[in-house]
1. Could you check how many residues of the stretch A:23-37 are out of contact with any Leu (no Cβ under 6 Å at 6 or more places or on another chain), over 14 Å from A:S94 (Cα atoms) and either touching a residue at least 60 places away in the same chain (Cβ under 8 Å) or facing chain B (nearest Cβ under 10 Å) (or both)?
2. Consider the stretch B:1-21. How many of its residues are out of contact with any Gly (no Cβ under 6 Å at 6 or more places or on another chain) and within 9 Å of B:T104 (Cβ to Cβ)?
3. Quick check on B:F100: is it surrounded by fewer than 19 Cβ atoms within 10 Å (Cβ to Cβ), under 27 Å from A:A87 (Cα atoms) and facing chain A (nearest Cβ under 9 Å)?
4. Looking only at strands (runs of 3 or more DSSP E) that lie completely in chain B, which have at least 2 residues being within 19 Å of A:D59 (Cβ to Cβ)?
5. Kindly indicate whether B:G28 is facing chain A (nearest Cβ under 9 Å), at pLDDT below 95 and over 11 Å from the mean Cα position of the chain (by Cα).
6. Working only within the stretch B:5-25, note down all residues that are within 30 Å of A:G3 (Cα to Cα) and either of a type in the set (A, V, I, L, M) or more than 10 Å from chain A (Cβ to nearest Cβ) (or both).
Amino acid sequence: DGGITQSPKYLFRKEGQNVTLSCEQNLNHDAMYWYRQDPGQGLRLIYYSQIVNDFQKGDIAEGYSVSREKKESFPLTVTSAQKNPTAFYLCASSNSTRYGYTFGSGTRLTVV
Amino acid sequence: GQNIDQPTEMTATEGAIVQINCTYQTSGFNGLFWYQQHAGEAPTFLSYNVLDGLEEKGRFSSFLSRSKGYSYLLLKELQMKDSASYLCAVRSNQGGKLIFGQGTELSVKP
């Protein structure tokens, strides 16, 4: 079945460490997105990519980096420069105007 | 600027009808979406409006007025499983990205 997979589901990071969140889709979607969700704040856009080897910053890109070397993959790195990384991270992909996004199941990142 | 407003919390009774409102001010408009999100899970698609009017899909309906920057999601015959967060999102003209409101946490009581 086609879908979008995020891993791991839970991730713990020590302060000062970089960590990479995985996002893979087999839907043949061109566009992929990373959002961060904090309680009471909805989803905020971190980075997005409309095509392989190209990506743009969203509203809260500072402290994050991405790559898009393959159509299927859009990993997100949370760097030590991100001051408050504890959050729920959602990856999404899209190839349709009408149905918006297909979301992954999310990764909950906690800094310890 | 871009702003999407929806109430933070709502409570309703099982079997009743509830309306969740959403107002938006965005630079560019290319459709409005409603998603349902249960705690700790990914959002799931409920509805899409790009033209003014009402879209009905079973127990769920969504309305859009572009001139007023206003939408609502109507849930009929509420069930306990409808307790969730409901997210309003507007698609911009830039890269197809969605801009989300903060979500409305709906609690359905027996």
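1. Taking the stretch A:23-37 and keeping what is out of contact with any Leu (no Cβ under 6 Å at 6 or more places or on another chain), we get A:23-33, A:36.
The next check asks that each one be over 14 Å from A:S94 (Cα atoms); those that pass are A:36.
Adding the requirement that they be either touching a residue at least 60 places away in the same chain (Cβ under 8 Å) or facing chain B (nearest Cβ under 10 Å) (or both) leaves none.
Residues meeting the conditions: 0.
2. The qualifying residues number 6.
3. On the way: surrounded by fewer than 19 Cβ atoms within 10 Å (Cβ to Cβ): no; under 27 Å from A:A87 (Cα atoms): yes; facing chain A (nearest Cβ under 9 Å): yes.
When the stated conditions are applied, B:F100 does not pass them.
4. Values: elements: B:3-5, B:9-13, B:18-25, B:32-37, B:44-49, B:53-57, B:60-65, B:70-75, B:84-91, B:98-100, B:104-109.
Result: B:3-5, B:18-25, B:32-37, B:84-91, B:98-100.
5. Details: facing chain A (nearest Cβ under 9 Å): no; at pLDDT below 95: yes; over 11 Å from the mean Cα position of the chain (by Cα): yes.
Judged against the criteria, B:G28 is not a match.
6. Residues of the stretch B:5-25 within 30 Å of A:G3 (Cα to Cα): B:6, B:20, B:22.
Across the stretch B:5-25, the qualifying residues are B:I20, B:C22.
The values are calculated or read from the model by the stated rules, or taken from the named source; none is laboratory data. Source: prediction; values computed, not measured. Every residue, glycine among them, receives a Cβ derived from its backbone with ideal geometry; neighbour counts consider all protein chains shown.
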